[in-house]
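The values are calculated or read from the model by the stated rules, or taken from the named source; none is laboratory data. Here the structure is a predicted model, which means the values were calculated and not measured. Don't worry about glycine lacking a Cβ; one is built from the backbone with ideal geometry, like all the others, and counts go over all protein chains shown.
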Amino acid sequence: MHRRWLSWALAGVAVLAARRAEAEAETGTEAEAETGAETETGAETEAEAETEAETIIVIGEPLPLLAGRATSRVSRHQLDERQPRSAPDALRWEPGVYVQQTSAAQGSAYLRGRTGQQTLLLFDGVRLNNSLWRQGPNQYFFTVDTRTLGAIDVVRGGASTRFGADAIGGVLHAAPREPAPGERGIAPRAELRYGSADHEVGGRLELAARPWAGGAVLAGVGFRDASLLESGGPVGGVGGDAPALVPRFAADGRTQLGTGFTEATWDARLVHLADATRLTAAYYDYRQLDAPRTDQCPAAYAPAGECLVYDEQFHQLVYVAAERDLGRWARGARLVVSAQEQHERKRRERPTARAEDGGRDAVRTLGVAAAATAELTAPGAPGPAIAIDHGADLYADFVDSVAWLAFTDVDVIRYDSRGQYLAGSRYQTGGVFAQAAARWPRLTVRGGGRLGLAAAHAPADAPSATTAIDRAWATTAAVLGAELRLGRGVELLATIDRSFRAPNLDDLTARQAAGPGFQFENTALGPEVAHTAELGARVRGARGMVEAWAFASRLDGAIVRSLRSIDDCPPASPQCQGSWFRYQLVNVDGAHLVGAEAAAELATARWSARATISWARGDGPNPQQRPADPDLPYDERVPLSRVPPLHGTVEATAPWAWGYASAALRWAAPQDRLAPADLSDPRIPPGGTPGYAVVDLRAGARLDGHARVGVVLENVLDAAYRYHGSSINGPGRSALVWLELTP
């Protein structure tokens, strides 16, 4: 109860502050003129833009040479207004995107029905995907701190030609904030936030400085502590069936056990501009501690004391980039060299057995990427304007992995011969690419290709009967598209794309818990190849934009889980033999995914509105073998696992000189098309996930020239809801209150 009182009290502070600012504006003490300056929706006032310009420079264009594709952008202004709990959470309002959460400290975005290994994550052009990313949803975009971002760009649809392996469903590109202290030399900034649903307390302290002419620095530290997450209550299955087996609830029937976490971040970014050359050196460090995996804390049917906890979830990234215009053959040339480490340490507490399973996995990645644009036609020359985007990239992973069993009653630790992965494993992926664009007054044609190579190496481990791996795959990608401009802002767009993903070390070597069962390796897997066709229409006007897209994709060699018997378990693998279900990854051909999405934005000088709607449907060959008994039911084709339901959003905002107020709706239809693996997944209620409608209210105000305050009232109708495939329910009626100080 005290949390609700505190949240409403803080909301009251925001309202009083807004009234104070209004009174000052009326008396002329802090008058600010409302203007028509616009962000994507035209909703941002000039005064707000000036405040942002003091601390950030948002990268102006979305990902390079992807004009004519289905893209969207989450701006810094939208991040401030929506106050997402994580980078995945920030994407809930984008068309074609659906966000699943295995725990409160994890989140994975589905792009057109695909996620995890089949989507590519980038940070300032640096590839974040590595060879240990597992099947299905993963938590790694959660390790990107939204307070360090200027924008998130979303590319829906295959993009392997430009960005390499894994970009089958699309690309998420996190664009960092840039230092811009202005003439003052030093610009401090502080952020504080409180969330009543999980007792979240967090914030960030940072400093932008200009230590020398042409040089600028942005450095900061952040923290967050979140406790158990309170929801609107249990969520029953479609048709009112019993709720999902996870999560388990406290005695109040609302507070979800197996939630909560702590995080700390620190980062530094140095930019130097001299002689038309831009040099960037950057370091980002994310540390997450004590984060339970909700669906395993406890797992379905497990004793109440069992819990899988990520003691440490770390990600470190350091890179150096050089950018310079080198003439017609290398406009905007960029070279970036990067090093990063993903580190996990986890333990599974089993108090009834007086034992604890532990493991530590780390992958270190070295990367280099270069790209530039060649202009083949001089300005003003007859014929089409022709340009070629070209480049190359290479990333190498080095793996360390160890596992142990601790007997808690006698304080003895026994180390296994291998970890979840094989220590000493290596993986490389990279390639060369070229994409050309020819532009006429009303028509643009684009096309290109990539030649890639992936290689996996892993040592043998005799005690666990693990065989060595030394495999390589040559991979190809291609894209062809056209954009027809009909006048009056009307555009018709079409694209045919071939994208790929080679099997990684998780596919080839991992032995691990996977949802309701245990997954073991398959060293014979081949690459996944997706062929996608998409059609789009876009209408742009002075006050807004409407676009709609339809797509169809065929995935051959799709890597999916297939049920196995206890006799198929690898030797020396008691966790496999003791699981409810056992899986092995296999390749299947002919998986199909079709869908459509639309978005609309409209803005006037007094208000703005935005709406999205998305739909996808997938099916593929049944990965299970046909039963020997012909009387047993068997379907040749089955739904693809965890494809999102029909869903959408609506937002309306009224800005004025000293602040804004907005209302937002998130909704989804029921999802009862379940894959065979979904039927046994404790995260999905019996019969499927029901639909929902969630209403949020937001407001913000500028107290003076150096402070902003805002509040987000989440789920004001206190709906009990869950995103399909998630282990946790969304927050119940609650408040997020934030304060920004720029002294």
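The residues of region 583-630 that are among the hydrophobic types (A, V, I, L, M, F, W, C) and more than 17 Å from Gly113 (Cα to Cα), listed by number, are Leu585, Val586, Val588, Ala599, Ala600, Leu602, Ala603, Ala605, Trp607, Ala609, Ala611, Ala628. Condition check for Arg488 on (1) at pLDDT below 95; (2) within 25 Å of Ala362 (Cα to Cα): one failure, at (2). Only one of the listed residues (Leu593, Leu555, Leu535, Leu585) is at pLDDT 85 or above, assigned to a strand (DSSP E or B) and in contact with a His (Cβ under 9 Å, 6 or more places away or on another chain). That residue is Leu555.
Being touching a helix residue (DSSP H, G or I) at 6+ places or on another chain (Cβ under 7 Å) and either in a strand (DSSP E or B) or more than 29 Å from Asp681 (Cα to Cα) (or both) is a property that Gly222 has.
Quick one: in region 595-617, which of the residues that are more than 17 Å from Trp549 (Cα to Cα) and not aliphatic (A, V, I, L, M) is surrounded by the most Cβ atoms within 10 Å (Cβ to Cβ)? This residue is Ser608.
Yes or no, residue by residue, for (1) crowded, with 24+ Cβ neighbours inside 10 Å; (2) modelled with pLDDT of 95 or more; (3) over 23 Å from Glu651 (Cβ atoms); (4) touching a Lys or Arg at 6+ places or on another chain (Cβ under 6 Å):
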position: Ile56; (1), (2), (3), (4): no, no, no, yes
position: Leu65; (1), (2), (3), (4): no, no, yes, no
position: Ala87; (1), (2), (3), (4): yes, yes, no, no
position: Trp93; (1), (2), (3), (4): no, yes, no, no
position: Arg147; (1), (2), (3), (4): no, yes, no, yes
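Of the candidates Gly481, Gly517, the single residue that is touching a residue at least 12 places away in the same chain (Cβ under 8 Å) and surrounded by fewer than 22 Cβ atoms within 10 Å (Cβ to Cβ) is Gly517.
A quick yes/no check of all residues on (1) among the aromatic types (Phe, Trp, Tyr); (2) buried (at least 21 other Cβ atoms within 10 Å of the Cβ); (3) modelled with pLDDT of 95 or more:
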position	(1), (2), (3)
Val201	no, no, yes
Trp212	yes, no, no
Leu218	no, yes, yes
Phe223	yes, no, yes
Ala226	no, yes, yes
Ser231	no, yes, yes
Asp241	no, no, no
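Of the residues making up region 281-330, those that are among the polar types (S, T, N, Q) and assigned to a strand (DSSP E or B) are Gln288, Gln313, Gln316.
Can we say Ala657 is in contact with an Asp or Glu (Cβ under 9 Å, 6 or more places away or on another chain) and buried (at least 21 other Cβ atoms within 10 Å of the Cβ)? Spell out how you get there, then give the answer.
On the way: in contact with an Asp or Glu (Cβ under 9 Å, 6 or more places away or on another chain): yes; buried (at least 21 other Cβ atoms within 10 Å of the Cβ): no.
In short, no.
Just checking: which of the strands (runs of 3 or more DSSP E) contained wholly in region 690-743 hold 2 or more residues that are small (Gly, Ala, Ser) and either within 16 Å of Asp198 (Cβ to Cβ) or in contact with a His (Cβ under 7 Å, 6 or more places away or on another chain) (or both)? Please lay out each step first, then the result.
Values: elements: 692-704, 707-714, 734-741.
Where strands (runs of 3 or more DSSP E) fall fully within region 690-743 and carry at least 2 residues being small (Gly, Ala, Ser) and either within 16 Å of Asp198 (Cβ to Cβ) or in contact with a His (Cβ under 7 Å, 6 or more places away or on another chain) (or both), they are 734-741.
Mind listing whichever residues of region 680-698 are among the β-branched types (Val, Ile, Thr) and without any contact (Cβ under 8 Å) to a residue 40 or more places away in the chain? Answer for region 680-698, where residues must be among the β-branched types (Val, Ile, Thr) and without any contact (Cβ under 8 Å) to a residue 40 or more places away in the chain: Val694, Val695.
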